[in-house]
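Student: First, the structure itself, so that you have it in front of you.
The values are calculated or read from the model by the stated rules, or taken from the named source; none is laboratory data. Please read all numbers here as calculations on a predicted model, not as lab measurements. Virtual Cβ from ideal backbone geometry, glycine too; neighbours counted across all protein chains shown.
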Amino acid sequence: MHADKKPLTPARQPNYLVWGIIVAVVIMVSAGIYDGIKRLQTRGRPNMTDYSYANMRGTSRATNAKGEVVSLDSFAGRFLWVDYAAPWCGPCASQARVMKSLEATASRNIVFLTMLTSANKPFQTATKATAASWAGRFGLNPALVVTGGNPSYTIPQHKLFSPLGQTLYHKVGFLSEDQIRSTLVKSMREWQHWRQDNQTADILR
């Protein structure tokens with residue numbers, strides 16, 4: 001007797017749909033991991049691509065506590081730290097004392113500017129008198145206390161601009177003197193590295 005032969009079964013065809021789904025999932029996961037790594041690498045680094053301030057500073061005017069019309073373009077070529085404040089804002093008074101200390105020890109390549117967003121009440125227009133009162137109250141340089149800030153800003157608020165007009169840093173809330181100094185050191189160092197890299201690239205072109 002011969003053993004019964006088992007019927008031949010056709011070769012199993014690959015399930016392309018399943019494999020397609022698997023490949024797609026792997027790609028999405030890999031992309032997510034890469035994006036996460038990039039975010040971690042760039043977290044806290046200055047943004048070298050935001051030139052919104054540079055594009056408008058040539059046409060922006062403000063009145064300082066001395067009654068002089070100040071063009072923001074006059075600060076081009078130096079780092080500019082702007083503290084947005086108002087007399088009605090409690091934390092802004094503490095921030096002004098920090099600005100006074102920073103202003104007193106500032107190097108020639110950085111300017112500390114206080115921009116008042118309103119007067120004694122929210123959305124009340126700040127005037128020369130408002131700026132003069134604020135400068136006198138905290139002993140700030142009257143030439144560097146100006147009106148004209150956005151009245152809808154949450155304050156205190158801070159922005160750091162590069163000599164070329166990039167917005168390197170933006171923060172809402174009170175910052176201590178140590179926090180501001182450490183932010184400046186880090187941002188200025190990163191910007192200098194970026195500048196050197198770009199100058200090298202220009203030479204090699």
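Student: Taking the conditions exactly as written (closer than 20 Å to ARG78 by Cα, touching a residue at least 24 places away in the same chain (Cβ under 8 Å) and in a helix (DSSP H, G or I)), does LEU164 satisfy them or not?
Tutor: Judged against the criteria, LEU164 is not a match.
Student: Looking only at residues that are among the hydroxyl-bearing types (Ser, Thr, Tyr), under 22 Å from the mean Cα position of the chain (by Cα) and at pLDDT 95 or above in the range 102-139, which one is nearest to GLY67 (Cα to Cα)? Show your work before the answer.
Tutor: At the first step, the residues of the range 102-139 found to be among the hydroxyl-bearing types (Ser, Thr, Tyr) are 105, 107, 114, 117-118, 125, 127, 130, 133.
Cutting the leftovers down to under 22 Å from the mean Cα position of the chain (by Cα) gives us 107, 114, 117.
Retained after the next criterion (residues that are at pLDDT 95 or above): 114, 117.
On the way: THR114: 15, THR117: 16 Å.
By that ranking, first place goes to THR114.
Student: If you don't mind, there's one more thing I want to ask. Going by what's in this entry, would LYS159 be described as surrounded by fewer than 17 Cβ atoms within 10 Å (Cβ to Cβ), in contact (Cβ under 8 Å) with a residue 12 or more places away in the chain, among the basic types (Lys, Arg) and part of a strand (DSSP E or B)?
Tutor: When the stated conditions are applied, LYS159 does not pass them.
Listed here are the residues, each with its yes/no results for (1) of a type outside the set (A, V, I, L, M); (2) buried (at least 23 other Cβ atoms within 10 Å of the Cβ); (3) touching an Asp or Glu at 6+ places or on another chain (Cβ under 9 Å); (4) not in a loop (DSSP other than H, G, I, E, B).
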{"site": "SER107", "(1), (2), (3), (4)": "yes, no, no, no"}
{"site": "THR114", "(1), (2), (3), (4)": "yes, yes, yes, yes"}
{"site": "PRO122", "(1), (2), (3), (4)": "yes, no, no, no"}
{"site": "ALA132", "(1), (2), (3), (4)": "no, no, no, yes"}
{"site": "ALA135", "(1), (2), (3), (4)": "no, yes, no, yes"}
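Student: From the residues in the range 137-156 that are out of contact with any strand residue (DSSP E or B) (no Cβ under 8 Å at 6 or more places or on another chain) and not in a loop (DSSP other than H, G, I, E, B), which one is farthest from THR105 (Cα to Cα)?
Tutor: The residue in question is ARG137.
Student: Is at least one residue of the range 147-154 within 30 Å of TRP194 (Cβ to Cβ) and either crowded, with 21+ Cβ neighbours inside 10 Å or among the β-branched types (Val, Ile, Thr) (or both)?
Tutor: So far as the range 147-154 goes, yes, one or more of its residues are within 30 Å of TRP194 (Cβ to Cβ) and either crowded, with 21+ Cβ neighbours inside 10 Å or among the β-branched types (Val, Ile, Thr) (or both).
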